[in-house]
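Have a look at the structure below, then the notes.
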Amino acid sequence: MSTPPYRADHVGSLLRPKKLREAFRNLSAGELRAVQDECIREVVKLQKDCGLEVVTDGEFRRISYWEKFVRLTLGLEVRDAVFTFHDAEGRESKFTAPYVSGKVSRAGPITLDELGFGNSKITMPAPSTMHFYRFTDWGNAYDKAEAFFKDLGKVYQAEIADLAKAGCRYVQLDEVAVAILCDPAAREKVKASGENPDRLVDLYIDAINEAVKNRPAQIVVGVHVCRGNYKGMYLSEGGYDSVAEKFFSRTNVNHFLLEFDTPRAGGFAPLRFVPKDKGVVLGLVSSKTPQLEKMDLLKKRTEEATRHIDAARLAISPQCGFASTMGGNPVTEAHERAKLKLCVDAAREIWA
């Protein structure tokens, strides 16, 4: 496969309705499940009304994009992260992160209950999520990170196999660490802590490859490279230049979903390193701000990207999900709907 499976795509999470947010806080497990089911049916209809061919459950059964994976995997718990979110005005926000408290194994299905509403795509946090946010102290259950990722890879392999049996055809891994390791400031922080950022990039590429190893033939895998997405804030900036050649060539997936919504994401030149048997989804529409992008600008930017990669191997999407955590980004459902529809309309015009 040399093209993404859909010309208009999106990145998993969608805004949680108020009734769902309140249900998480106030209702029993059974009552919550009923509200989740109702809200998922509504958000699937929203996506289909926008014209999307691929839909998700909006991650409505999760508090955050990685919370459920950690909660249902043995050997993982939650502690404070060593990084902070920030915005252009300099505001910062701390956050929590996975921590390896013991030997890791799969106790049972993690995302299987997110299928069944007409959706055939499942998003999961990339393996690096369980390591990088606390890379200076990620746990002492394993002598080496490579052994940890070997065990963690078995969790992903079993989950993907079960998803395929249940009808899933598209798995997306949300990779944040590699994007942070594009940021010169973050790379210096890593070095100051005694770690080699390039070694970590290699480690995380190998971890993805282990996770998707032996996947069923019908499963398409895309990796979303994300600079952080929390209430409109971000974790890092910087283009893909420092990681592009090895990440695009060595990561054994079908396509990449890449953020290009702001200048801090850098230019399109790194796309020249994407092998000819892999595709790219251009994240040109921002899920962080309410302003609706202009169609002419989306066409122009896509044309700029084709100087480095064939148009036939491209697609378009928002740069990230609209609600990586329960709170969501500072946009409304009307903004979300308009932006999803814009991606569909742009795809129809650009690849007509």
In nm, give the distance between the simple-model label positions of Asn196 and Arg71, each being 7 Å from the Cα along the Cα-to-Cβ direction.
3.9
Short version: what are the Cα gyration tensor semi-axes of the stretch 230-352, square root of 5 times each eigenvalue, largest first, in whole Å?
24, 18, 12
Where Rh denotes the Kirkwood radius from the mean inverse Cα pair distance, what is Rg over Rh for the stretch 296-342?
1.09
The stretch 1-60: radius of gyration over Cα atoms, expressed as a fraction of 2.2 N^0.38 Å:
1.33
For the chain, fraction of C-alpha pairs farther apart than 34 Å, in %:
18
Dividing the helical contributions, -39500 (n - 2.57) per DSSP H run of n ≥ 4, by the residues of the chain yields a 222 nm value, nearest 500 deg cm²/dmol, of -10500 deg cm²/dmol
Carbon and sulfur atoms account, in whole percent of the 1.4 Å probe accessible area of the stretch 269-315, for 52
What is the count of Lys pairs in the stretch 157-284 whose alpha carbons sit under 20 Å apart, if the two are 8 or more places apart or on different chains?
6
Take every Cα-Cα pair in the stretch 186-297 and report what % of them are more than 21 Å apart.
45
If you count only protein heavy atoms with a 1.4 Å probe, what accessible area per residue comes out for the stretch 1-81, rounded to a whole Å²?
44
Can you list the residues, at least 5 places off or on another chain, whose amide H is less than 5 Å from the amide H of Leu76, using H built in the peptide plane?
Ser101
On average, how much accessible surface per residue is there in the stretch 88-211, in Å², for a 1.4 Å probe, leaving out ligands, DNA and RNA?
38
What order, most packed first, do the peptides 172-181, 129-138, 58-67, 24-33 have when packing is the mean number of other Cβ atoms within 10 Å of each residue?
172-181, 58-67, 129-138, 24-33
Any idea of the accessible area per residue across the stretch 291-342, 1.4 Å probe, to the nearest Å²?
46
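The values are calculated or read from the model by the stated rules, or taken from the named source; none is laboratory data. In this text the structure is predicted, and so the values were computed from the model without any measurement. In this analysis, Cβ positions are derived from the backbone assuming ideal geometry, glycine residues included, and neighbour counts consider all displayed protein chains. Just so you know, the surface numbers come from the protein's heavy atoms only, side chains and all, with ligands and any DNA or RNA stripped out. Shrake-Rupley method; radii C 1.70, N 1.55, O 1.52, S 1.80 Å.
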